[in-house]
Every structure is written in C-alpha cells, then in structure tokens.
1. Are there any GluC sites (Glu not before Pro) in region 37-83 that are in a DSSP loop and have at most 15 other Cβ atoms within 10 Å? List them by number.
2. Which trypsin sites (Lys or Arg not before Pro) from region 75-140 combine a DSSP loop assignment with at most 10 other Cβ atoms within 10 Å?
3. Report the net charge of residues surrounding Gln134, where surrounding means a beta-carbon distance below 15 angstrom and charges are Lys +1, Arg +1, Asp -1, Glu -1.
4. Provide the gained length on full extension for the span Ile157 to Cys120, in nm with one decimal, where the gain is 0.36 nm per separating residue minus the Cα-Cα distance.
5. Each residue of region 88-104 in order: what ³J(HN,Hα) in whole Hz does its phi give by Karplus 6.51 cos²θ - 1.76 cosθ + 1.60, θ = phi - 60°, with x for Gly and Pro?
Amino acid sequence: MDITYIRIRPATAHVATFECYTIDKLESGGLSIVDYKTSKELFTIDDLEEDLQLTLYQLAAEQTWQLPVEKLTLYHLRSNTACSCPPRDEARLEQAKQLVLEVAESIARQIFPAIENQYCPCDFPEHCPYYRHQYMVATPVPARQELLPGIAAVDAIERYASLHTEIKEWSSRRIMKPVKAGKKSFQTNVWD
Ligand code: SF4
C-alpha cells in the first residue's frame, strides 16, 4: 500500500511521499504496519526501536486514516523473520516531525551536507567531498601552438612588441628641424 503524503504542519508545504508495503487494520480497530527488508543481515531489537522509517510510516498512517497504529513490524525476507514492537509514543513522533522539518528546511535552502554512512559510496561519489578525489581527471597541458614558417606564433608576437618599442624610441629621437610659420616656430616628429 502506498502512503501518498505526510503533511507535518497543515500551514506549511512540507510534504513527503512514502511507499510502504503492508498496513493492516486490526480487529481492535487500530493499524499494523509491516516494512519488508531485503538486507542480508538480520536486524536487532535496537534496529527495530530506532528505525526512523517505521516512525514516519506511523505518522503518515495516523494522519491519513485518523486511526492509531498499534504495531510496528520489520520483516526480514531472506529468513522469513518478523520482528514487532509497540508503536512510537508522542515524544518520538514529535522528534521525527522536527527532523522532517529540519531536513525540509535544509533542502529548501539547498544545504545538503554529505554524511558518510554504511551505504557509501552511493551512486554520486564524483560529487561527494569524501570520494570525489578518486574521480578527478588531470587537466591536460595545452599543446604549444604550431610553428609559423620558421618561428612560433608566441615568439613572433614578442618580436613584434620589441620592434614596436624600438621604433617608438627612434621616432622620439628624430626631431625635424623647426619649421617657420608666421612668427611662430614648430617642431614636428617625422613619425607622427
Ligand atoms: S558517498 Fe554518497 S552517501 Fe556517502 S557521504 Fe558521499 S554523497 Fe553521502
């Protein structure tokens, strides 16, 4: 059964979508949630108590059907083992709500700190601060420009700049004789 959304606060837009596998209505009128696990390792009673997914499923189911959850179960498929516990109390549910809100805020502000965990590396190691150094490719050294006939382009530019400076120096030294114009005299640079 799919739980299509969980709205943590009616006044906000924090909505999450879950897919969980079995939600049964018990004879007592309450709900029982079973989450199936395909992992190799068997889980412990601590795993069951700390499983955040089950807590969020409880929140979503109680919101959706307005019925109390009475039993939470993790089902280990490889060994056909079911492990059940009572539902989370109000304090745990409130903690989970706060966590969802914090994560939603971080997502909205585009803050996604990487946290190493037992599933690393994930499908995006090239973007992860812990793993991306393994995927860095050295930047190739740009090839030197091809030679023009007899001289490299970069050398030709340097030669041109040097000649240009020499020309300017020569031109500033070679001053034309004063030219009479009326009562005034002028000096003219031949290179101007
Ligand atoms: S490898 Fe993936 S899951 Fe692990 S810390 Fe980096 S981004 Fe997170």
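We did not get these values from a lab; they are worked out from the coordinates using the rules stated. Treat the numbers as computed from the prediction; the structure is a model and nothing was measured. Methodologically, a virtual Cβ is constructed for each residue, glycine included, from the backbone with ideal geometry; neighbour enumeration extends over all protein chains shown.
1. Working: sites: Glu41, Glu49, Glu50, Glu62, Glu70; in loops: Glu41.
Here the sparse-neighbourhood loop sites are Glu41.
2. Values: sites: Arg78, Arg88, Arg92, Lys97, Arg109, Arg132; in loops: Arg78, Arg88, Arg109.
Of the trypsin sites (Lys or Arg not before Pro), the ones in loops of region 75-140 whose Cβ has at most 10 other Cβ atoms within 10 Å are Arg109.
3. -2
4. This chain segment gains 8.0 nm when fully extended.
5. Karplus values, whole Hz, x for Gly and Pro: 6, 7, 4, 4, 5, 5, 5, 4, 5, 4, 4, 4, 4, 5, 5, 5, 4.
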